[in-house]
Amino acid sequence: MTDTTQTKVPAWYSPDEIQDIQRDLLGAAAKVLILCLGGKGGVGKTTIALQLADLCAEVGPVLAIDTDPANRHFHTAIMQETSPGSDNFVPRRPGITGFRQRLRAEDSTGRVDPTLCQDMIERVIETAERFIVVDFPAGDTETTRRCAEIIVESCREANIRLAVVVAAGAVDPTALEVLKELRPMLIECDRAILAKNTAHATNFDYLESSDLVRSLRKQSNFRVIEIERIGERLIESLRVQHMTWQFLANSAPMRLRVEGRRLRRNFHTVWRDALRP
């Protein structure tokens, strides 16, 4: 395990650039809440959440909420145990604090519980952090849809900009079911983003030929982007050694640092453009 909690690195952006990026992320709102969704595991939802948290952390404190207790990959990538087996954690990098929030009911259905969703939104409203990134549970989009009204209305009342990101893998049509189930929230949120993950392939004909996607593209708040593939060596550094993007781009060995820096800049640019009002 790589300990990057005390790594000191130079500022990635100038003060003027930080202000510009804050405007791109927040718009006129007091906070921004970014929900990362996917129809099933393995479509890149957590990878996307980590990229977004890294971008936000360069311009302000971030609360990173992992709502998928079955995996906890997001929380593990953000927070480090103080000792093996401990339930005490410290951030792996400055500026991002991880938090685990259960959303699934503790019963035989295991579906998302709207009451627990309300608890999460209250946490979002009360937190001092202006940037909040949530890794939502995979699957069960029908019940997630039931939380949509709670999320949308709460964000409006609290002056929180709501961005919803749907991760899509190539070929697998699962993303279309997510888009169908969550269409009301995608229309009502401040920014909806369909993120095509090119990790395994680049054939997204099933999306581009879909009447649903064509219809969503007509919405002024809807964006479609492609997420560049991450090489196996960097994937291992991120997932196995739990290096942060900040560490990869600034302090990792040269064989990792050059590519890590290039990808990090590209990811920041793509997400900044996609979120810009």
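Antiparallel versus total DSSP beta bridges in the chain: what percent is that, nearest 5?
Values: 4 of 39 bridges.
Close to 10 percent.
Report, by chain and number, residues whose modeled amide H sits under 5 Å from the one on H200, excluding near sequence neighbours (fewer than 5 apart, same chain).
Residues meeting the criterion, in which the H sits 1.01 Å from N, are A170.
For a quick check of understanding: with a 1.4 angstrom probe and all protein chains in place, what accessible area in square angstrom does R233 have, to the nearest ten?
140 Å²
Heavy atoms only, probe 1.4 Å: what % of the accessible area of the chain goes to carbon and sulfur, would you let me know?
Values: 5970 of 12590 Å².
C and S fraction of accessible area: 47 percent.
Two-decimal Rg/Rh of the range 172-277 from alpha-carbon positions, Kirkwood Rh? Write down the numbers at each step before the final one.
Numbers: Rg = 16.4 Å, Rh = 15.6 Å.
Across the range 172-277, the Cα-based Rg/Rh ratio is 1.05.
So, with +1 on the Cβ of K and R and -1 on the Cβ of D and E, and no other charges, what is the size of the charge dipole of the chain about its Cα centre, to the nearest 20 debye? Kindly include the intermediate steps, with their values, before the conclusion.
Working: 37 positive and 38 negative charges, 154 e Å.
The calculation lands at about 740 debye.
Taking the chain as a Gaussian network, where each spring joins two C-alpha atoms under 10 Å apart, which residue of A11, A64, A49 fluctuates the most?
Residue with maximal mean-square fluctuation among A11, A64, A49: A11.
How many Å² of accessible area per residue for the chain, probe 1.4 Å? If you can, show how the numbers build up before the last one.
On the way: 12590 Å² over 277 residues.
For the chain, the solvent-accessible area averages 45 Å² per residue.
Test of understanding: what is the full-extension gain from N88 to A28, defined as 0.36 nm times their sequence separation minus their Cα-Cα distance? Before the final figure, lay out each step's value.
Details: separation 60, 0.36 × 60 = 21.60 nm, distance 3.60 nm.
Roughly 18.0 nm would be gained on extension.
Restricting attention to the chain, give the cysteines that have no other cysteine Cβ less than 4.7 angstrom from their Cβ.
Those would be C36, C56, C155, C189, since no other cysteine Cβ in the chain comes under 4.7 Å of theirs.
Between V258 and E226, with labels modelled 7 Å along Cα→Cβ, what's the label distance in nm to one decimal, could you check?
Placing both labels 7 Å along Cα→Cβ, they lie 2.4 nm apart.
Of A175, I193, L207, which is farthest on the positive side of the dipole of the range 175-219, counting Cα position, with +1 on Lys and Arg Cβ, -1 on Asp and Glu Cβ, and the Cα centre as origin?
Ranked along the dipole, the leading option is I193.
Which whole-number percentage describes the relative contact order of the chain, with Cα contacts under 8 Å and a sequence gap of 6 or more?
Values: 496 pairs, mean separation 66.4, N = 277.
For the chain, the relative contact order is 24 percent.
Roughly how much of D119 is accessible, in Å² to the nearest 10, using a 1.4 Å probe?
Roughly 70 Å² of D119 is accessible to a 1.4 Å probe.
Please give the solvent-accessible surface of F131 in Å², to the nearest 10, using a probe radius of 1.4 Å with every protein chain present.
The value for F131 is about 0 Å².
Any chance you could check the Cα centroid distance between the range 33-62 and the range 145-191 for me, in angstrom?
When both Cα centres are located, 14 Å separates them.
Please work out which option in (i) 51, 50, 39; (ii) 53, 47, 33; (iii) 46, 39, 38 gives Cα extents along the principal axes in Å calculated from these coordinates, and answer with its label.
(iii)
The values are calculated or read from the model by the stated rules, or taken from the named source; none is laboratory data. Keep in mind the model is a prediction, meaning the values are calculated, not measured. Because the Cβ atoms are built from the backbone with ideal geometry, glycine has one as well, and the counts that use them run over all protein chains shown. Note: accessible area is taken over every heavy atom of the protein model, side chains too, but ligands, DNA and RNA are not part of it. Shrake-Rupley method; radii C 1.70, N 1.55, O 1.52, S 1.80 Å.
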